[in-house]
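Okay, so here's the structure we're looking at.
The values are calculated or read from the model by the stated rules, or taken from the named source; none is laboratory data. Predicted model only: the values in this text are computed from it and were never measured. Here Cβ is always computed from backbone atoms with ideal geometry, including for glycine, and neighbour counts include all displayed protein chains.
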Amino acid sequence: MKTFTRNAVAEHILQGQILVIYKSKVLRLNSWIDKHPGGDLAILHFVGRDATDEISAYHDDATIEKLLPRFIVGQLDESDSEPFYPLIPPVQLGWRGDKREGHTTQAIGRFNGSGNNTEDKEIEPHLPKSKFANIPLTMQELEPPTPTDESLDIKRQFKISQNYHKLHAEVKRRGLYTIQSDAYLYECIRYTALLVIFALLYFKLEWKVLAAIPLGLFWHQITFVVHDAGHCEIWGSQKTDKTLACFIASYIGGLSANWWCDNHDIHHIVTNHPEHDPDIQHIPFFAISTKFFNSMWSTYYRRVMEFDAFAKLVLPIQHNLYYIVMSVARFNLFALSYIYLLTKSKNDWYRNFEIVGVSVFWTWYGSLISHIPSHFGKFAFLLLSNVAASPVHVQIVLSHFARSTDDLGLTESFAHRQLRTTMDVACPWYLDFLHGGLHMQVSHHLFPRIPRHNLREVRDMVAKFAAENNLEYAEHGFVAGNGQVLDVLRNVGEQVKFVSKVAASEASQKMHKTAVVQ
């Protein structure tokens, strides 16, 4: 088998090779990137990096054993493996192929436009010529900055990674990837009960507007099934689970599971990174970090997130608007879903299936609305049904909005990053159904394919793992957690006010000086 030094990996990347490390093996993913079910960006974020933990977390053993061998082109030189010191993925420097799309924070001061120095150079070992063009960067620009915090030392982080592997092995040994046989029996009873209440109110009692509430609560509950299926937690089959997710999301909810999976998969691997995680990129309505004041480039949306006049107007009061905006956030999901299906989604079976599903949804949902006599009643039904489903939006962001958004660099291990950026919500077991597993996000982020009904057992194992590795395991009650989120929003809002005052003061002084000179 061919041997790669770290320098050789870097040089091949500059020649357009998509190289990822897995258990000291070098994977060449050029032929797979367009076919990857998790999208191309999930791979691009790990070019030049060791993705062993992430690959193991997001794929079952059978998939890894079947697919990965075909992409192995060599192994790392012993001097550069375990741990492998990461390179900066070109996408995190603003590059997609040979095209520079944006200027990321990681790229500031690094790009000199000199181009790479390997274009006409023979590199050992030889690889097939890439269809992707050379990336005009230098070796130096792929070098990550040295961590200043001792806790981020590559050897310490590698030790945490090794301990995470042991924890993962124990999770498998206990059979926690196996779904409980009656897990969804009680869920289905609950969903059916909500539909029966809806039908009684709408068709029998003809309290049509009031019927919107159980319909919205039904949507709220089945959203958790879409989340489960999107992570292949139910059948463990990418095709079967995704088909179920698409059916529930589009035919029953009018949304796109394709869009959600594309967005959510990236959230999981770059959690709470302001430039890379779409789940915290909500400017101009919300900003949970002052980093958003810099009008950063989003590698997911592939555009600049403008810190504009509207953002400066809204963000100072974002803590007051938080629950109001969240109550109608489902309407934003409609927009994001349809934009994705019409402009960004792959033209495959799932896309067509969802387009039909959305059409079916608006047929039956529109029919319900049309049978309400008054215009006010129609509007009230539309609003109430979507607001009743809105608690899920608060539940989704609760686990991350109050956690760290710092970029600690590429030496940080997968487990360290997930524990740092995620928190759990304490609640008794009999209320688990209200949260749908979202209250045990730390365990879910470490083991995203674990069926939610097994997360309680995993949570206890994770808390012990964190203590043994001197890592913080954050868990707070629902009220306390929401209080922390509001504190973050309030503090960032205060910073916006301060920045605006400073800017106004400087402008005033400049005008005064100009007047004096004149």
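Residues in the stretch 119-131: is at least one assigned to a loop (DSSP other than H, G, I, E, B), assigned by the TED database to the domain that holds D432 and modelled with pLDDT of 70 or more? No, that holds for no residue. All of (1) of a type outside the set (S, T, N, Q); (2) at pLDDT below 95; (3) over 19 Å from D407 (Cα atoms) hold for G253 with one exception: (2). Screening P448 with (1) in a helix (DSSP H, G or I); (2) within 19 Å of the chain's Cα centre (by Cα) gives one miss only, at (1). Against the condition surrounded by fewer than 16 Cβ atoms within 10 Å (Cβ to Cβ), assigned by the TED database to the domain that holds H231 and closer than 22 Å to C232 by Cα, how does F447 come out, does it pass? Here the answer is no, as F447 does not meet what is asked. With respect to the conditions (1) in contact with a Gly (Cβ under 7 Å, 6 or more places away or on another chain); (2) assigned to a loop (DSSP other than H, G, I, E, B), F286 falls short on a single one, namely (1).
Cβ-Cβ contacts under 9 Å between residues 6 or more apart (or on different chains), taken from a first residue in the stretch 314-329 that is touching a residue at least 60 places away in the same chain (Cβ under 8 Å) to a second residue that is aliphatic (A, V, I, L, M) and not in a helix (DSSP H, G or I), are listed as L315/I283; L315/A287; Q318/A287.
The condition of being within 16 Å of H393 (Cβ to Cβ) and of a type outside the set (D, E) holds for only one of N352, N347, N332, that being N332. For the stretch 365-390, the set of residues classified as part of a helix (DSSP H, G or I), buried (at least 17 other Cβ atoms within 10 Å of the Cβ) and not aliphatic (A, V, I, L, M) consists of Y365, K378, F381, S385, N386, listed by residue number. Reported count of residues in the stretch 196-241, each being more than 25 Å from the chain's Cα centre (by Cα) and at positive phi, is 1. A Cβ distance below 9 Å, combined with a sequence gap of six or more or placement on separate chains, defines the contacts here; from the stretch 204-230, residues that are farther than 11 Å from G377 by Cβ and at pLDDT 95 or above reach residues that are of a type in the set (S, T, Y) and in a loop (DSSP other than H, G, I, E, B) in the pairs G216/S390; H220/S390; V225/Y184; D228/Y184. Y177 meets each of the listed conditions (1) of a type in the set (S, T, Y); (2) in a loop (DSSP other than H, G, I, E, B); (3) at pLDDT 95 or above; (4) not assigned by the TED database to the domain that holds G236 apart from (4). No other residue among I21, I43, I88, I64 is β-branched (V, I, T) and in contact with a strand residue (DSSP E or B) (Cβ under 6 Å, 6 or more places away or on another chain) apart from I21. Just one of the numbered conditions (1) in a helix (DSSP H, G or I); (2) within 24 Å of G253 (Cβ to Cβ) is not true of A415; which one? That leaves (2) as the condition not met.
Do we have any residue at all in the stretch 17-38 that's more than 30 Å from T243 (Cα to Cα), touching a Phe, Trp or Tyr at 6+ places or on another chain (Cβ under 6 Å) and modelled with pLDDT of 95 or more? Checked the stretch 17-38: at least one residue is more than 30 Å from T243 (Cα to Cα), touching a Phe, Trp or Tyr at 6+ places or on another chain (Cβ under 6 Å) and modelled with pLDDT of 95 or more. Taken over the stretch 261-275, the residue count meeting the criterion of being among the acidic types (D, E) and not in a helix (DSSP H, G or I) is 1.
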